[in-house]
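These notes concern the structure reproduced below.
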Amino acid sequence: MPKIIHYRNKCIGCGVCYEQQPSLWRMSRKDGKAILLRGISKKGIFQLTVPGEVMEQSAAVAKACPVNIIKIV
Ligand code: SF4
(Lines give C-alpha, C1' and ligand atoms only; values in the text may rest on other atoms or scores of the structure.)
Protein backbone atom coordinates (compact mmCIF):
# COMPACT_ATOMS: atom_id res chain seq x y z
CA MET A 1 0.00 0.00 0.00
CA PRO A 2 1.16 3.56 -0.66
CA LYS A 3 2.60 5.77 2.03
CA ILE A 4 2.34 9.48 2.72
CA ILE A 5 5.59 11.01 4.00
CA HIS A 6 5.47 14.39 5.73
CA TYR A 7 8.69 16.32 6.39
CA ARG A 8 7.06 18.22 9.20
CA ASN A 9 10.05 20.32 10.29
CA LYS A 10 9.85 22.25 7.03
CA CYS A 11 6.10 22.92 7.23
CA ILE A 12 5.18 26.62 6.93
CA GLY A 13 1.66 26.10 8.31
CA CYS A 14 -0.24 27.32 5.26
CA GLY A 15 -3.13 24.93 5.93
CA VAL A 16 -3.62 23.75 2.35
CA CYS A 17 -3.29 20.05 3.24
CA TYR A 18 -5.92 20.38 5.97
CA GLU A 19 -8.29 22.33 3.72
CA GLN A 20 -8.02 19.77 0.94
CA GLN A 21 -8.01 16.55 2.97
CA PRO A 22 -9.32 17.14 6.52
CA SER A 23 -9.72 13.40 7.06
CA LEU A 24 -5.91 13.06 7.21
CA TRP A 25 -4.61 16.44 8.36
CA ARG A 26 -4.97 18.84 11.28
CA MET A 27 -3.24 22.10 12.11
CA SER A 28 -1.38 22.16 15.43
CA ARG A 29 -2.45 24.81 17.92
CA LYS A 30 0.97 24.55 19.52
CA ASP A 31 3.31 25.31 16.65
CA GLY A 32 0.94 26.06 13.75
CA LYS A 33 2.29 23.24 11.59
CA ALA A 34 0.32 20.46 9.95
CA ILE A 35 -0.19 17.12 11.66
CA LEU A 36 -0.57 13.96 9.60
CA LEU A 37 -3.23 12.11 11.60
CA ARG A 38 -2.13 8.68 12.85
CA GLY A 39 1.27 9.30 11.26
CA ILE A 40 4.25 7.52 12.78
CA SER A 41 7.25 9.73 13.47
CA LYS A 42 10.83 8.84 12.73
CA LYS A 43 13.15 11.71 13.59
CA GLY A 44 10.48 14.30 12.81
CA ILE A 45 9.47 12.69 9.51
CA PHE A 46 5.92 11.32 9.68
CA GLN A 47 4.69 8.33 7.69
CA LEU A 48 1.23 6.92 7.16
CA THR A 49 0.21 3.94 5.06
CA VAL A 50 -3.11 4.59 3.33
CA PRO A 51 -5.45 2.56 1.13
CA GLY A 52 -5.14 3.03 -2.62
CA GLU A 53 -8.48 4.81 -2.97
CA VAL A 54 -7.22 7.68 -0.78
CA MET A 55 -4.16 8.18 -2.92
CA GLU A 56 -5.64 10.26 -5.70
CA GLN A 57 -6.65 12.97 -3.27
CA SER A 58 -3.37 12.63 -1.35
CA ALA A 59 -1.39 13.04 -4.57
CA ALA A 60 -3.28 16.30 -5.22
CA VAL A 61 -2.49 17.47 -1.68
CA ALA A 62 1.19 16.64 -2.16
CA LYS A 63 1.20 18.65 -5.37
CA ALA A 64 -0.55 21.58 -3.70
CA CYS A 65 1.89 21.87 -0.77
CA PRO A 66 3.79 25.10 -1.52
CA VAL A 67 7.06 23.87 0.01
CA ASN A 68 6.83 20.36 -1.47
CA ILE A 69 7.26 18.47 1.80
CA ILE A 70 4.52 15.87 1.30
CA LYS A 71 5.63 12.84 -0.69
CA ILE A 72 3.79 9.75 -1.84
CA VAL A 73 5.82 6.55 -2.12
S1 SF4 B 1 0.42 22.16 2.65
FE2 SF4 B 1 2.57 21.75 3.20
S3 SF4 B 1 3.34 23.65 4.12
FE4 SF4 B 1 1.12 23.80 4.04
S5 SF4 B 1 0.46 23.14 6.08
FE6 SF4 B 1 0.41 21.33 4.73
S7 SF4 B 1 2.42 20.35 4.96
FE8 SF4 B 1 2.57 22.43 5.80
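The values are calculated or read from the model by the stated rules, or taken from the named source; none is laboratory data. This structure is a prediction, so every number in the text was calculated from the model and none was measured. Ideal geometry is used to build each Cβ from the backbone, glycine not excepted, and the neighbour counts take in all protein chains shown.
Could you tell me whether I40 is at pLDDT 95 or above, β-branched (V, I, T) and surrounded by 14 or more Cβ atoms within 10 Å (Cβ to Cβ)?
Criteria not met by I40.
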*Checking L37 against (1) more than 9 Å from the ligand (Cβ to nearest atom); (2) touching a residue at least 12 places away in the same chain (Cβ under 8 Å); (3) under 16 Å from I12 (Cβ atoms), which test does it fail?*
(3)
